[in-house]
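Taking it in order: structure first as structure tokens, then the write-up.
The values are calculated or read from the model by the stated rules, or taken from the named source; none is laboratory data. A quick note: this is a predicted structure, and the numbers were derived from the prediction, not measured. Note that each Cβ is placed from the backbone with ideal geometry, even for glycine, and that neighbours are counted across all protein chains shown.
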Amino acid sequence: MHVSDVVRVMETLAPPELAESWDNVGLLVGDASAPVRRVLLCVDVTDEVLAEAVETRAGMIVAHHPPIFRPVGRITAAEAPVAYRAARRGIALYAAHTNLDAAPGGTNDALADALGLADRRPLQPACRDGQAKIVVFVQPDNMPRVAGAAFAAGAGRIGNYSDCAFFSHGIGSFFGRPGSSPAVGAAGRHEAAEELRLEVICPRGKVAAVLAAVRAAHSYETPAIDVYPLLDLPAGAGNGRVGRLPRPVTVRTLAERLKRAAGAARALLAAPQHGRAARADGRGRLVATAACCAGAGASAWRDALAAGAALYATGEMDHHAAGAAAAAGLTVLCLGHGNSERLVLPSLARRLAAALPALRVAASKRDRDPYQTI
């Protein structure tokens with residue numbers, strides 16, 4: 001078993017392309033070819049978690065929060081202490097952050113499980129823009145050569161299928177200006193020719209190579225080529241979750257349910273104080289539809305309100321966002337940033353262990369929220 005095996009499975013469970021552009025996910029410290037037998041899971045890589053990894057002989061830590069987040073110019077004990085100490089001990093560090101939040105079965109689904117949400121969907125569906133569609137118009141007898149060149153350069157792969165394309169028939173027209181050398185007809189005349197339209201998709205990173213291959217294989221002096229960026233909405237992926245409860249329950253019941261699941265001593269409540277939503281402190285209000293967003297949830301509360309949620313559970317929200325949400329009629333429950341995310345660790349451990357039976361996976365016992373209740 002190697003670090004690369006764990007990386008491969010993690011990238012299946014939490015595809016890196018689901019991460020926000022500002023995030024820093026993946027293997028951040030270590031050698032992908034290094035052997036590993038034990039993996040420790042945590043939200044934050046702290047000195048206590050590192051010590052636990054050393055004591056349990058874990059060769060790799062999979063963390064939710066990236067231990068290297070902003071660019072650093074040097075790896076020293078002063079500038080990047082966690083990365084420095086992990087590297088000295090030969091412990092690989094891997095981060096699955098906003099990609100694990102967005103992935104089906106990830107952080108937000110774990111929080112939704114704790115709430116008991118059914119028929120759930122993302123509050124903010126994920127969009128991936130890593131693909132492009134290339135359209136080129138080709139003479140029929142030149143089509144096998146052009147399509148083959150596009151496929152060889154990396155186009156036409158969809159899931160477990162390769163050489164995928166769409167063809168349609170049409171007529172192309174042109175006028176060859178002086179100095180042109182048309183493959184059909186002659187310069188200085190209006191011409192029309194039978195053509196096939198070839199459509200293929202390819203990763204954005206391979207567009208240049210596919211275009212070069214298509215031009216080299218094409219019979220025309222100047223092929224007509226279009227490139228369209230594509231957006232993909234992966235099923236069930238995105239930020240936050242909203243769903244219905246099997247039966248309406250009170251805010252108090254949901255709060256106690258979440259605290260128990262997260263092992264949190266308390267939760268912060270921001271409840272509507274006016275109109276029909278008001279019920280003293282809000283804890284007796286019945287909830288039929290609820291939403292959640294693990295971690296920092298200020299960006300998604302309006303989506304929760306628009307989706308018909310009466311309650312919004314998250315890790316933390318700033319003062320003004322919580323007040324605005326309550327004023328709009330939404331009850332907000334804040335568990336603590338890390339507490340709302342730590343719920344995913346047991347299920348992540350089970351999924352990793354199921355995919356890699358020879359690997360010993362455990363959630364850290366020393367990973368905890370930095371805040372304490374006093």
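For the structure I just gave you, tell me whether SER21 is out of contact with any helix residue (DSSP H, G or I) (no Cβ under 7 Å at 6 or more places or on another chain), without any contact (Cβ under 8 Å) to a residue 60 or more places away in the chain and of a type in the set (Ser, Thr, Tyr).
In short, yes.
Return the only residue of ARG128, ARG37 being more than 30 Å from ALA235 (Cα to Cα) and either at pLDDT 95 or above or not hydroxyl-bearing (Ser, Thr, Tyr) (or both).
ARG37
List pairs: first residue in the range 161-183 and under 15 Å from ALA150 (Cβ atoms) and in the same structural domain as MET143 (by TED's automatic domain parsing), second residue among the charged types (D, E, K, R) and at pLDDT 85 or above anywhere in the structure, Cβ distance under 6 angstrom, at least six positions apart or on different chains.
The qualifying pairs are PHE166/GLU199.
Would you mind stating whether ALA63 is in contact with a helix residue (DSSP H, G or I) (Cβ under 9 Å, 6 or more places away or on another chain) and over 20 Å from PRO234 (Cβ atoms)?
yes
Which helices (runs of 4 or more DSSP H) does the range 56-148 wholly contain that include 3 or more residues that are among the β-branched types (Val, Ile, Thr) and buried (at least 20 other Cβ atoms within 10 Å of the Cβ)?
Those helices (runs of 4 or more DSSP H) do not exist here; none qualify.
Could you list, in sequence order, all residues of the range 335-372 that are touching a Ser or Thr at 6+ places or on another chain (Cβ under 6 Å) and either closer than 23 Å to HIS319 by Cα or hydroxyl-bearing (Ser, Thr, Tyr) (or both)?
Scanning the range 335-372 gives a single hit, GLU341.
Kindly check whether there is at least one residue in the range 293-312 that is at pLDDT 95 or above and more than 20 Å from GLY238 (Cβ to Cβ).
Among the residues of the range 293-312, at least one is at pLDDT 95 or above and more than 20 Å from GLY238 (Cβ to Cβ), which makes the answer yes.
For the range 177-193: of the residues being touching a strand residue (DSSP E or B) at 6+ places or on another chain (Cβ under 7 Å) and closer than 20 Å to ASN142 by Cβ, which is modelled with the highest pLDDT?
Result: ALA193.
Can you find a residue in the range 31-41 that is in the same structural domain as MET10 (by TED's automatic domain parsing), of a type outside the set (Lys, Arg), part of a loop (DSSP other than H, G, I, E, B) and closer than 21 Å to GLY263 by Cβ?
no
Residues to consider are ALA216, ALA208, ALA212; find the one that is assigned by TED's automatic domain parsing to the domain that holds ALA147, more than 17 Å from GLY170 (Cα to Cα), in contact (Cβ under 8 Å) with a residue 60 or more places away in the chain and surrounded by fewer than 15 Cβ atoms within 10 Å (Cβ to Cβ).
From the options ALA216, ALA208, ALA212, the qualifying one is ALA216.
Regarding LEU348, is this residue more than 25 Å from the chain's Cα centre (by Cα), of a type outside the set (Val, Ile, Thr) and modelled with pLDDT of 95 or more?
Against the criterion (more than 25 Å from the chain's Cα centre (by Cα), of a type outside the set (Val, Ile, Thr) and modelled with pLDDT of 95 or more), LEU348 does not qualify.
Inspect the range 352-361 for any residue being hydrophobic (A, V, I, L, M, F, W, C), more than 19 Å from ALA53 (Cβ to Cβ), in contact with a helix residue (DSSP H, G or I) (Cβ under 9 Å, 6 or more places away or on another chain) and outside the structural domain of THR289 (by TED's automatic domain parsing) and give the result as yes or no.
yes
Do we find that LEU50 is crowded, with 21+ Cβ neighbours inside 10 Å and either under 19 Å from ALA362 (Cα atoms) or in contact with a helix residue (DSSP H, G or I) (Cβ under 6 Å, 6 or more places away or on another chain) (or both) in this structure?
yes
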